[in-house]
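What follows is a single structure, written as C-alpha coordinates, with notes after it.
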Amino acid sequence: MAYKILVADDEAEIRDVLRLYLEKDGYEVVEAADGMEALEVCKRAKPDLVILDIMMPGIDGYRVLRNVRENSNIPVIMLSAKNSDSDKILGLDLGADDYIVKPFVPLEAVARVNSNIRRFYTLGAGIGQSQNGGELVVGALRLDLEACLLYRDNQPIELTSVEFKIMKLFMENPGKVFTKQQLFEQGWEESYMLSDNNVMVCISKLRTKLDHDGREYITTIRGLGYRLEKNNI
(Lines give C-alpha, C1' and ligand atoms only; values in the text may rest on other atoms or scores of the structure.)
Protein backbone atom coordinates (compact mmCIF):
# COMPACT_ATOMS: atom_id res chain seq x y z
CA MET A 1 0.00 0.00 0.00
CA ALA A 2 1.33 3.44 -0.95
CA TYR A 3 2.11 5.96 1.78
CA LYS A 4 -0.29 8.91 1.79
CA ILE A 5 1.19 12.43 1.73
CA LEU A 6 -0.77 15.59 2.53
CA VAL A 7 0.51 18.65 0.65
CA ALA A 8 -0.89 21.80 2.29
CA ASP A 9 -0.05 25.03 0.44
CA ASP A 10 -2.13 27.95 -0.79
CA GLU A 11 -0.22 28.01 -4.11
CA ALA A 12 -1.84 25.60 -6.56
CA GLU A 13 1.31 25.47 -8.69
CA ILE A 14 3.37 24.16 -5.79
CA ARG A 15 0.73 21.56 -4.93
CA ASP A 16 0.64 20.43 -8.57
CA VAL A 17 4.43 20.10 -8.82
CA LEU A 18 4.71 18.16 -5.57
CA ARG A 19 1.83 15.90 -6.54
CA LEU A 20 3.46 15.15 -9.90
CA TYR A 21 6.83 14.21 -8.43
CA LEU A 22 5.48 12.38 -5.38
CA GLU A 23 3.07 10.28 -7.44
CA LYS A 24 5.93 9.40 -9.80
CA ASP A 25 7.73 8.06 -6.71
CA GLY A 26 4.76 5.89 -5.80
CA TYR A 27 3.04 8.02 -3.16
CA GLU A 28 -0.66 8.78 -2.83
CA VAL A 29 -1.20 12.54 -2.54
CA VAL A 30 -4.02 14.52 -0.94
CA GLU A 31 -4.12 18.32 -0.94
CA ALA A 32 -5.23 21.31 1.12
CA ALA A 33 -5.24 24.96 0.07
CA ASP A 34 -5.37 26.55 3.53
CA GLY A 35 -4.85 25.73 7.20
CA MET A 36 -8.46 24.87 8.01
CA GLU A 37 -8.67 22.48 5.08
CA ALA A 38 -5.35 20.93 6.14
CA LEU A 39 -6.79 20.13 9.57
CA GLU A 40 -9.92 18.65 8.01
CA VAL A 41 -7.93 16.50 5.57
CA CYS A 42 -5.67 15.28 8.39
CA LYS A 43 -8.70 14.05 10.32
CA ARG A 44 -10.43 12.54 7.30
CA ALA A 45 -7.59 11.10 5.23
CA LYS A 46 -5.10 10.27 8.03
CA PRO A 47 -1.93 10.94 6.00
CA ASP A 48 1.37 9.23 6.76
CA LEU A 49 3.34 12.46 6.28
CA VAL A 50 2.46 16.15 5.93
CA ILE A 51 4.19 18.80 3.83
CA LEU A 52 2.99 22.02 5.43
CA ASP A 53 3.36 25.57 4.16
CA ILE A 54 3.81 28.15 6.93
CA MET A 55 2.14 31.18 5.34
CA MET A 56 -1.41 30.10 4.56
CA PRO A 57 -4.67 32.08 4.83
CA GLY A 58 -6.87 31.67 7.88
CA ILE A 59 -4.84 29.28 10.01
CA ASP A 60 -1.08 29.39 9.42
CA GLY A 61 1.20 26.37 9.28
CA TYR A 62 2.49 26.80 12.83
CA ARG A 63 -1.04 26.53 14.26
CA VAL A 64 -1.78 23.53 12.07
CA LEU A 65 1.43 21.90 13.30
CA ARG A 66 0.47 22.47 16.94
CA ASN A 67 -2.88 20.81 16.29
CA VAL A 68 -1.30 17.86 14.47
CA ARG A 69 1.13 17.32 17.33
CA GLU A 70 -1.73 17.15 19.83
CA ASN A 71 -2.99 14.04 18.08
CA SER A 72 -0.13 12.45 16.15
CA ASN A 73 3.63 12.13 15.82
CA ILE A 74 3.63 11.55 12.04
CA PRO A 75 6.46 13.27 10.13
CA VAL A 76 5.81 16.92 9.27
CA ILE A 77 7.98 18.83 6.78
CA MET A 78 7.59 22.61 6.93
CA LEU A 79 7.62 24.47 3.61
CA SER A 80 8.33 28.21 3.58
CA ALA A 81 9.93 31.14 1.81
CA LYS A 82 11.30 32.19 5.20
CA ASN A 83 14.93 31.20 5.59
CA SER A 84 15.91 32.71 8.94
CA ASP A 85 17.20 30.53 11.77
CA SER A 86 14.44 31.79 14.08
CA ASP A 87 11.71 30.59 11.70
CA LYS A 88 13.34 27.19 11.36
CA ILE A 89 13.87 26.86 15.11
CA LEU A 90 10.25 27.79 15.82
CA GLY A 91 8.99 25.11 13.44
CA LEU A 92 11.33 22.48 14.86
CA ASP A 93 10.48 23.52 18.41
CA LEU A 94 6.78 23.00 17.68
CA GLY A 95 7.49 19.48 16.49
CA ALA A 96 8.41 19.67 12.80
CA ASP A 97 10.76 16.97 11.53
CA ASP A 98 12.26 18.81 8.57
CA TYR A 99 12.25 22.17 6.76
CA ILE A 100 12.29 23.01 3.04
CA VAL A 101 12.93 26.57 1.86
CA LYS A 102 11.21 27.98 -1.23
CA PRO A 103 12.14 27.99 -4.03
CA PHE A 104 13.10 24.33 -3.90
CA VAL A 105 14.10 21.58 -6.28
CA PRO A 106 11.23 19.05 -6.48
CA LEU A 107 13.60 16.10 -6.41
CA GLU A 108 15.07 17.40 -3.14
CA ALA A 109 11.56 17.57 -1.66
CA VAL A 110 10.93 13.97 -2.72
CA ALA A 111 14.28 12.91 -1.21
CA ARG A 112 13.33 14.53 2.10
CA VAL A 113 9.95 12.79 2.05
CA ASN A 114 11.68 9.46 1.37
CA SER A 115 14.13 10.07 4.20
CA ASN A 116 11.43 10.94 6.72
CA ILE A 117 9.19 8.06 5.67
CA ARG A 118 12.09 5.62 5.95
CA ARG A 119 13.20 7.05 9.29
CA PHE A 120 9.74 7.02 10.86
CA TYR A 121 8.21 3.83 9.51
CA THR A 122 11.27 1.58 9.86
CA LEU A 123 12.05 2.50 13.45
CA GLY A 124 11.12 -0.99 14.60
CA ALA A 125 13.98 -2.55 12.59
CA GLY A 126 16.44 -4.54 14.66
CA ILE A 127 14.00 -5.11 17.51
CA GLY A 128 15.33 -8.59 18.06
CA GLN A 129 18.60 -7.08 19.27
CA SER A 130 16.87 -4.86 21.83
CA GLN A 131 16.05 -5.49 25.45
CA ASN A 132 12.79 -7.05 26.68
CA GLY A 133 11.44 -8.11 23.26
CA GLY A 134 10.98 -4.70 21.68
CA GLU A 135 11.60 -2.36 24.60
CA LEU A 136 14.51 -0.41 26.00
CA VAL A 137 14.35 0.23 29.74
CA VAL A 138 16.55 2.62 31.69
CA GLY A 139 15.33 3.30 35.22
CA ALA A 140 11.90 4.95 35.05
CA LEU A 141 12.12 5.32 31.27
CA ARG A 142 10.74 2.69 28.90
CA LEU A 143 10.94 3.02 25.11
CA ASP A 144 8.45 0.90 23.16
CA LEU A 145 10.13 0.26 19.81
CA GLU A 146 7.00 -1.07 18.14
CA ALA A 147 4.57 1.68 19.18
CA CYS A 148 7.28 4.38 18.96
CA LEU A 149 6.28 5.63 22.41
CA LEU A 150 8.33 6.65 25.42
CA TYR A 151 7.05 6.05 28.95
CA ARG A 152 8.24 7.78 32.12
CA ASP A 153 6.91 6.08 35.25
CA ASN A 154 4.42 4.34 32.91
CA GLN A 155 3.07 7.68 31.65
CA PRO A 156 3.20 7.91 27.81
CA ILE A 157 5.22 10.70 26.18
CA GLU A 158 4.67 11.39 22.47
CA LEU A 159 7.87 11.77 20.45
CA THR A 160 8.60 12.98 16.94
CA SER A 161 10.54 10.60 14.71
CA VAL A 162 13.78 12.51 15.31
CA GLU A 163 13.26 12.55 19.09
CA PHE A 164 12.57 8.82 18.97
CA LYS A 165 15.80 8.10 17.13
CA ILE A 166 17.84 10.18 19.57
CA MET A 167 16.19 8.67 22.66
CA LYS A 168 16.80 5.20 21.22
CA LEU A 169 20.51 6.03 20.89
CA PHE A 170 20.64 7.43 24.44
CA MET A 171 18.79 4.49 25.98
CA GLU A 172 20.93 1.94 24.17
CA ASN A 173 23.97 3.66 25.70
CA PRO A 174 23.02 5.22 29.07
CA GLY A 175 25.84 7.29 30.57
CA LYS A 176 27.69 7.61 27.26
CA VAL A 177 28.45 11.10 25.92
CA PHE A 178 27.35 11.83 22.35
CA THR A 179 28.52 14.82 20.33
CA LYS A 180 26.14 17.10 18.42
CA GLN A 181 27.40 15.56 15.20
CA GLN A 182 26.63 12.01 16.37
CA LEU A 183 23.15 12.99 17.53
CA PHE A 184 22.40 14.88 14.32
CA GLU A 185 23.52 12.03 12.08
CA GLN A 186 21.47 9.58 14.16
CA GLY A 187 18.30 11.70 14.22
CA TRP A 188 18.35 13.32 10.79
CA GLU A 189 20.48 10.81 8.84
CA GLU A 190 22.31 13.63 7.09
CA SER A 191 25.80 15.16 7.24
CA TYR A 192 26.20 17.53 10.17
CA MET A 193 26.58 21.29 9.56
CA LEU A 194 28.56 23.15 12.24
CA SER A 195 26.08 26.04 12.32
CA ASP A 196 23.04 23.78 12.68
CA ASN A 197 20.92 24.40 15.81
CA ASN A 198 18.61 21.43 15.32
CA VAL A 199 20.30 19.28 17.98
CA MET A 200 20.08 21.97 20.67
CA VAL A 201 16.40 22.54 19.87
CA CYS A 202 15.68 18.80 19.95
CA ILE A 203 17.48 18.32 23.28
CA SER A 204 15.58 21.27 24.75
CA LYS A 205 12.27 19.74 23.64
CA LEU A 206 13.21 16.33 25.06
CA ARG A 207 14.13 17.91 28.40
CA THR A 208 10.77 19.67 28.53
CA LYS A 209 9.03 16.35 27.97
CA LEU A 210 11.25 14.26 30.26
CA ASP A 211 12.36 16.27 33.29
CA HIS A 212 10.16 15.61 36.30
CA ASP A 213 10.26 16.05 40.08
CA GLY A 214 13.66 17.72 39.94
CA ARG A 215 15.20 14.86 37.96
CA GLU A 216 17.35 15.89 35.00
CA TYR A 217 17.53 13.13 32.42
CA ILE A 218 19.78 14.61 29.72
CA THR A 219 22.93 16.41 30.86
CA THR A 220 25.07 18.81 28.85
CA ILE A 221 28.76 17.96 29.03
CA ARG A 222 30.42 21.27 28.24
CA GLY A 223 32.61 21.14 25.15
CA LEU A 224 31.69 17.52 24.43
CA GLY A 225 27.97 16.91 23.99
CA TYR A 226 25.11 15.25 25.87
CA ARG A 227 24.44 12.07 27.83
CA LEU A 228 21.50 10.27 29.38
CA GLU A 229 22.03 10.21 33.15
CA LYS A 230 21.32 6.62 34.15
CA ASN A 231 21.90 7.37 37.84
CA ASN A 232 19.30 10.17 37.98
CA ILE A 233 16.42 8.18 36.52
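The values are calculated or read from the model by the stated rules, or taken from the named source; none is laboratory data. Keep in mind that what you see is a predicted model, and the values were worked out from it rather than measured. Areas reflect the complete protein model, heavy atoms only, side chains present, ligands, DNA and RNA absent. Shrake-Rupley method; radii C 1.70, N 1.55, O 1.52, S 1.80 Å.
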> What ³J(HN,Hα) values, in whole Hz, does the Karplus curve 6.51 cos²θ - 1.76 cosθ + 1.60 give for the stretch 103-112 when θ = phi - 60°, with x put for Gly and Pro?
Replying inline: x, 10, 8, x, 5, 5, 4, 4, 4, 5
>> Counting only pairs 8 or more residues apart or on different chains, how many lysine pairs in the chain have their Cα atoms under 17 Å apart?
In response: 18
> If you roll a 1.4 Å probe over the stretch 1-154 with all protein chains in place, what percent of the accessible area is carbon or sulfur?
Replying inline: 49 percent
>> Run lengths n ≥ 4 of DSSP H only: what is the helix-derived mean residue ellipticity at 222 nm for the chain, with -39500 (n - 2.57) per run over all residues, to the nearest 500?
In response: -12500 deg cm²/dmol
> What accessible area per residue comes out for the chain, rounded to a whole number of Å², with a 1.4 Å probe?
Replying inline: 48 Å²
> Once the Cα atoms of helix 61-71 and of the chain are each reduced to a long axis, what angle between those two axes, in degrees from 0 to 90 to the nearest 10, is obtained?
Replying inline: 50 degrees
> Around residue 99, which amide H atoms from residues at least 5 apart in sequence, or from another chain, sit under 5 Å from its own amide H, with H modelled in the peptide plane?
Replying inline: 78
> What list of ³J(HN,Hα) couplings, whole Hz, do you get for the stretch 176-182 from phi and the Karplus terms 6.51, -1.76, 1.60, once you set θ to phi - 60° and write x for glycine and proline?
Replying inline: 8, 8, 10, 6, 4, 4, 5
>> How tilted is helix 198-210 with respect to the longest principal axis of the chain? Cα atoms for both, answer in degrees (0 to 90, nearest 10).
In response: 60 degrees
